[in-house]
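The block underneath contains the structure these notes are about, expressed in structure tokens.
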Amino acid sequence: MSNHNKFNLVIAILLISNFCLNAQVKTDTTQLSEVKISTGIINSKHQNSATSVSEISARDLNQTDGIIITSALNAIPGVTMQQGNLNTNRITIRGIGARSQFSTNRIKAYFDNIPLTNAEGESVFEDIDIETLGGLTILKGPNNSIYGSGLGGVILLKSKNINQSFAKTTSQFGSFGLWRQNLSAGFQNETSHLILNYNHLESDGFRDNSNYNRDALNISGSTQITENSKLSFVSIFTRLKAFIPSSINKTDFDNNPEVAPQNWAQSEGFESYHKAILGLNYEVNLNQNWQWSTSVFGNYKNAYEPRPFDILADNTTGFGLRSVLKHQAKLWSHPTQWIVGTELVSEDFTFSLFENLYQSQPGNGSIEGDEFAKVNQRRNYVNAFFNQETNIDDKLFLELGISLSSTSYNQKDIFENAEDNMRENYSFETTFTPRIGASYKLSDNNNLFASVSNGFSVPSVAETLTPDGQINTDLKPERGWNYEVGIKSRFFDKNLYAELTLYSLQIENLLMAQRVAEDQFVGINAGESSHKGAEISLKYSAAISNRIDIYPYFTGSFNKFEFKDFIDGDNDFSGNKLTGAPNYQWQTGIDLQTAFGFSFNFSILNVGEIPLNDSNSLSSDAYSVTNCKAMYQFTLLKRISTQLSAGVNNLFDANYAASILPNAVGFGNALPRYYYPGAPLNFYGGVSLMYKFQSKIILGK
């Protein structure tokens, strides 16, 4: 279906819906009983915590374009999500992971207590359909012992909750051939619920060789086994084929940002995979003071990726267990909660490399040639943790945490030694990471907090390999101490929430991905880095009338990220700015919510200069991007809730680098390709219909 025809279709749908509305919806306001205005702007538990905690609500997600969570994450101070394409993204927190080449690492992710992060520390978020999410929680820095104390932090994704059985369909169309179709249903009775969600997403992209096609099925649910125990599960199945436009040089970025590099365009490079994530969780209240939760999970991925320099085929299978025991009691008369647990992950990864013969038959894209490498890797990760939270009195809240982590892996060159059973083995020393934090209530609406914590991140398997494919046993994990202090306050009858955080994260054994060929990087420990910054969040809730609320906000981070001691060969980069991270980022906007179904949001994101290489000889330009979206919700035929939406991304058509490739190198006479251009001005619109059943459906009957 062409883009023009899709727009005609969505316009027809909107006209039909409006006709039905005028013809069949009663004018009394009782038909809008399900439209509610949220009044809370901060979770009280988070206000009293001894760390900076950021929330993205279901309402926040509904204000995005519905395609990817980039705009929602970039509204969180200290978090930057660079989006090179729908399938090329990198998330950094406080500069951690900024020098990663193509993916998100050094940040852990969980979906309903099921890890999304693989055993070598890489997290993929773009496969999760926004329609399935009920919100996100972002924990910044090594402040969370129960998740392994990673240097970057943790992103917790939560599935949607339901309180009534329903069936829903959503259709969305937009610029550059965008089409999103979502079908979902929820079933609930007194003890169980089940949610099914199917999503199809496709786009031609605004650049050459950027077609994207994804199908995803998400099934989750829970059942109350007894009065004190519950069994829940989550499953995510994904099929993807996404072409890769790759990065471009400065000349093309300024004059022709829609092009793809010649070698990627001629080879028609892409990635495709089938992936499954499965998890089962059992929770039981042993008694009034003891709770136990255990999750078992597994993942599978079969991938194929033709690149100009070779064709990669890989297969991953993994499984794991996470068990947490909570106890609430009194420690010397002080209310206390203890948490103790463990997480174990094991993965088997096999990859093969084939020649790409696309140059021998021009116009046919990638052609698989002879296999020239095949390697099997086994990865194991173990984490044990302890956490204590104690209310010393009505004002002082204390947190203590300890995490013990161990990572090991081995590999075998199957191509060269198919009959040999010998494997290379390597393991990092067990890492001990402590944390202490305190929150002091100055008044009912003002809290001071401070923490000191230690964290670490191990090299990925790719970073541990030498150019000849052997394991570099000299590599050490990155380690760092984080010092943090802040204040959380509420003013004007709790309508204004303000949070200011100052932090200093000092990292040693800094890992550097050193490019040795167009398709090959090796890791080295190159020195130390300093991550200092200030984060501010202001959120205000105001009632214009008894039926209209507005929520203006401002979030920002102002950073001083630099190399303290960084020597790469004959180059001394000590004192230079950290590559890949902006020196500031802030977003401001306003959300308008009404009791009669109309809502509107408007946001402006500003991102500062980003150093493109370690020498700081080049930087991307600062930029500003404006987005807006309007929605109208009404009830059709009593039981059908309808939502119409329309939005604009990059309202003023800015030419900006949505993502960069750190330390890009030009081979031969080619210019280095640092830039992934952001999409120009683009539009989207959609309609959703949700039928709510009058009574709860009895599962299994």
Report summary line: For the stretch 613-631, the count of residues that are surrounded by fewer than 19 Cβ atoms within 10 Å (Cβ to Cβ) and closer than 14 Å to GLY597 by Cα equals 1
Requested in this report: Give the number of residues within the stretch 427-439 that are crowded, with 16+ Cβ neighbours inside 10 Å and of a type in the set (Phe, Trp, Tyr).
Outcome: 1
Report summary line: Of those in the stretch 224-272 that are among the hydroxyl-bearing types (Ser, Thr, Tyr) and surrounded by fewer than 20 Cβ atoms within 10 Å (Cβ to Cβ), the residue nearest to THR117 (Cα to Cα) is SER235
**Report entry** Filter pass, GLU399 being in a loop (DSSP other than H, G, I, E, B) and among the charged types (D, E, K, R)
**Finding:** no
Report task. Please list, ordered by first then second residue, the pairs with beta carbon atoms under 6 Å, 6 or more apart or interchain, first in the stretch 386-397 and of a type outside the set (Gly, Ala, Ser), second in a loop (DSSP other than H, G, I, E, B). Result -> PHE397/ASN48
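State whether one or more residues within the stretch 332-343 are among the aliphatic types (A, V, I, L, M) and either in contact with an Asp or Glu (Cβ under 6 Å, 6 or more places away or on another chain) or without any contact (Cβ under 8 Å) to a residue 40 or more places away in the chain (or both).
No: the stretch 332-343 contains no residue that is among the aliphatic types (A, V, I, L, M) and either in contact with an Asp or Glu (Cβ under 6 Å, 6 or more places away or on another chain) or without any contact (Cβ under 8 Å) to a residue 40 or more places away in the chain (or both).
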Requested in this report: Check off (1) under 30 Å from ASP60 (Cβ atoms); (2) in contact with a Phe, Trp or Tyr (Cβ under 7 Å, 6 or more places away or on another chain) for PHE243 and give me the number that stays unchecked.
Outcome: (1)
**Report entry** Pick from the stretch 402-441, criterion under 29 Å from TYR483 (Cα atoms) and assigned to a loop (DSSP other than H, G, I, E, B), ranking: modelled with the highest pLDDT
**Finding:** THR430
Query raised in the report: crowded, with 24+ Cβ neighbours inside 10 Å, of a type in the set (Gly, Ala, Ser) and not in a strand (DSSP E or B) - does that describe any residue in the stretch 128-143?
Result: yes
Query - ILE67, sole failed condition from (1) crowded, with 22+ Cβ neighbours inside 10 Å; (2) part of a loop (DSSP other than H, G, I, E, B) - result: (1)
Query raised in the report: Do the conditions hold for SER451, that is, is it surrounded by fewer than 14 Cβ atoms within 10 Å (Cβ to Cβ), among the small types (Gly, Ala, Ser) and on the phi < 0 side of the Ramachandran plot?
Result: no
Query raised in the report: Restricting attention to the stretch 110-131, which residues are farther than 21 Å from SER408 by Cβ, at pLDDT below 90 and not hydrophobic (A, V, I, L, M, F, W, C)?
Result: ASP112, ASN113, GLU126, ASP127, ASP129, GLU131
**Report entry** Residue count for the stretch 73-90, restricted to those that are farther than 22 Å from GLY486 by Cβ and not hydroxyl-bearing (Ser, Thr, Tyr)
**Finding:** 9
Query - Unique residue being of a type outside the set (Asp, Glu), at pLDDT below 95, out of contact with any Cys (no Cβ under 6 Å at 6 or more places or on another chain) and closer than 27 Å to ILE536 by Cβ when the list is LEU637, LEU651, LEU578, LEU605 - result: LEU578
Query raised in the report: What do you reckon, is ILE610 at pLDDT 90 or above and closer than 20 Å to ALA498 by Cα?
Result: no
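Here is a yes/no grid of residues against (1) more than 27 Å from the chain's Cα centre (by Cα); (2) hydroxyl-bearing (Ser, Thr, Tyr):
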site: LYS230; (1), (2): yes, no
site: PHE233; (1), (2): no, no
site: ALA260; (1), (2): no, no
site: TYR273; (1), (2): no, yes
Query raised in the report: Does LEU178 qualify as being hydrophobic (A, V, I, L, M, F, W, C), surrounded by 19 or more Cβ atoms within 10 Å (Cβ to Cβ) and more than 17 Å from the chain's Cα centre (by Cα)?
Result: yes
Report task. Just name the residue that is farthest from PHE309 (Cα to Cα) out of those in the stretch 243-291 that are free of Cβ contacts under 8 Å to residues at least 60 places away in the same chain and hydroxyl-bearing (Ser, Thr, Tyr). Result -> TYR282
Report task. Inspect the stretch 155-171 for any residue being under 17 Å from the mean Cα position of the chain (by Cα), surrounded by fewer than 21 Cβ atoms within 10 Å (Cβ to Cβ) and charged (D, E, K, R) and give the result as yes or no. Result -> yes
Query raised in the report: Would it be correct to say that THR104 is within 21 Å of TYR676 (Cα to Cα), buried (at least 22 other Cβ atoms within 10 Å of the Cβ) and of a type in the set (S, T, N, Q)?
Result: yes
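Could you please let me know if SER529 is within 26 Å of the chain's Cα centre (by Cα), among the hydroxyl-bearing types (Ser, Thr, Tyr) and at pLDDT below 80?
Numbers: within 26 Å of the chain's Cα centre (by Cα): yes; among the hydroxyl-bearing types (Ser, Thr, Tyr): yes; at pLDDT below 80: no.
No; evaluated as a whole, the condition is false for this residue.
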Query raised in the report: What are the pairs, 6+ residues apart or on separate chains, where a residue within the stretch 444-466 that is assigned to a loop (DSSP other than H, G, I, E, B) has its Cβ under 6 Å from a residue that is among the β-branched types (Val, Ile, Thr) and buried (at least 16 other Cβ atoms within 10 Å of the Cβ)?
Result: VAL458/THR407
Report task. Just name the residue that is surrounded by the most Cβ atoms within 10 Å (Cβ to Cβ) out of those in the stretch 364-386 that are out of contact with any Asp or Glu (no Cβ under 7 Å at 6 or more places or on another chain) and closer than 30 Å to ALA329 by Cα. Result -> PHE385
Query raised in the report: Tally time: how many residues in the stretch 107-132 are within 12 Å of the chain's Cα centre (by Cα) and touching a residue at least 24 places away in the same chain (Cβ under 8 Å)?
Result: 14
Requested in this report: Could you look through the stretch 593-610, keep only residues that are surrounded by 21 or more Cβ atoms within 10 Å (Cβ to Cβ) and more than 23 Å from the chain's Cα centre (by Cα), and pick out the one that is farthest from ASN650 (Cα to Cα)?
Outcome: GLN593
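The values are calculated or read from the model by the stated rules, or taken from the named source; none is laboratory data. Since the structure is predicted, the reported quantities are computational estimates derived from the model, not experimental observations. Cβ: placed from backbone, ideal geometry, glycine included. Neighbour counts: every protein chain shown.
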